[in-house]
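The structure appears right after this line, and notes come after that.
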Amino acid sequence: MFVLILLYNELNMPPNFLANFNIEKLKKFNIFSNPAKMFFPKKMIGVDIGTSSVKIVELSRWGEGKTLENYGEIKSASLYKEPFRSVERGSYLLSNYFVSRAIRAVLDEARIRTKAVIFSIPDFSTFCVSFELPPMTRNEISEAVYYNAPQYIPLPVTETTLDWRLIGGTPGDRKSPLRIFLVAIPNQTVQDYQTVAQMAGLDLYAVEAEVFGLARALTSGNKKCVCLVDIGVQSTTINIVENGQIKESYSFEFAGSQLTFAISSSLGTGNIEADEIKKTQGLIHSSENISKTLYLLIDPLILEVKKIISNFYIKFDKDVDEIYLTGGTANLPGLKEYFSEVLKKNVEIPNCFSDVLYPPVLGRSLEEMAPSFSVAMGAAIGGLETEE
């Protein structure tokens, strides 16, 4: 029996609105490429497969407006004793069968019929680096990236799928060096996600490094320079984003699960109870020993953020304006205030749902859950914004 945390069912559509049209058969997702499609919303599913849970967001778009159709989460502990990812040779590998069953459970329970899906790939399954290229035309960049990539990634280029963004410089300007942000994803990882999509009965639209989805969901339209800290169950990424573009990205071995384990060890409780204590009391726990232990675990993370912000200033002569916290641990009581106190910066916990339409009654719940859904939201938004 599936124990499912179902958060929201899709909005009611007019009777027979889709009776004679099968969205699942759409081959093109740009509704403006065919006038007949302008009467139907473009829909996309974004999926974030974590170590301990799977999060799914379904969005639709009419013109420029985006609507939250559905979202749901399922915990690995609800289905199996093991997490959705297993550790082998230092890598976190997908448990394809279990993950596909979990995704299917959410889709069936929530009655999500959309099949187009974008999977977000976590930082520990990708390699990110930024580097400079000499001045060249836009047409020459792609070949130059592939030629230079072997210097920066630990795997042979033939065994990876490369994605890159131009984050600095002006193509065609002979005096302007170009700066590239490169992401390399092992081909085996891509194949795993293809398998999961097929087993779950979905049409894989794309796979994407989560850093791009996070920037899209939380900093789109923001002209400031932001340090985006994503604290996950298994790892943390620290990203510098300027004008919505990724400038730097680092992965750090700090995990929200470390805090849960510390509380569990101190109180002699199980992980579920310890996790609840973490969420409700956090750094302001009444026990001085627990509070002190949590501060000691968090201090190395803050020092790493401080170092990255300082290095960014030295490298680019630009200061970070704000710090954004996201991920499942972002709402830890006292964390936002502690970051602000130590780093002397304005710290925010942005709401990834703020730019989409949804029933007002869901507002408070969505704000509380937003940090956990930033990655899935970013993936879904990316699918809606992609034109074919």
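Between LYS292 and LYS223, the modelled labels are 4.8 nm apart [label points 7 Å from Cα along Cα→Cβ]. Fully extending the segment from ARG174 to TYR97 would add 22.5 nm, taking 0.36 nm per residue of separation and subtracting the current Cα-Cα distance.
Full extension of the segment from THR280 to ASN187, taken as 0.36 nm per residue of separation minus the current Cα-Cα distance, would add 29.4 nm.
Using DSSP to define loop residues, name the trypsin sites (Lys or Arg not before Pro) in the stretch 220-258 whose beta-carbon has at most 10 other beta-carbon atoms within 10 Å. It would help to have the intermediate numbers written out before the result.
Numbers: sites: LYS223, LYS224, LYS247; in loops: LYS223, LYS224.
Those that pass, being in a loop and sparsely packed, are LYS223.
Extension gain for the segment GLU341 to GLU367, taken as residue separation times 0.36 nm less the Cα-Cα distance, is 7.0 nm to one decimal.
Taking R0 as 22 Å, what's the FRET efficiency between LEU303 and SER265 from their Cβ-Cβ distance, rounded to 0.05? Display every interim value, and only then the final one.
Numbers: r = 23 Å, r/R0 = 1.05.
The pair LEU303/SER265 has a calculated efficiency of 0.40.
Rule-based calculations on the coordinates, nothing more; no lab input. Remember, predicted model here, so these are calculated numbers, not experimental data. Ideal geometry is used to build each Cβ from the backbone, glycine not excepted, and the neighbour counts take in all protein chains shown.
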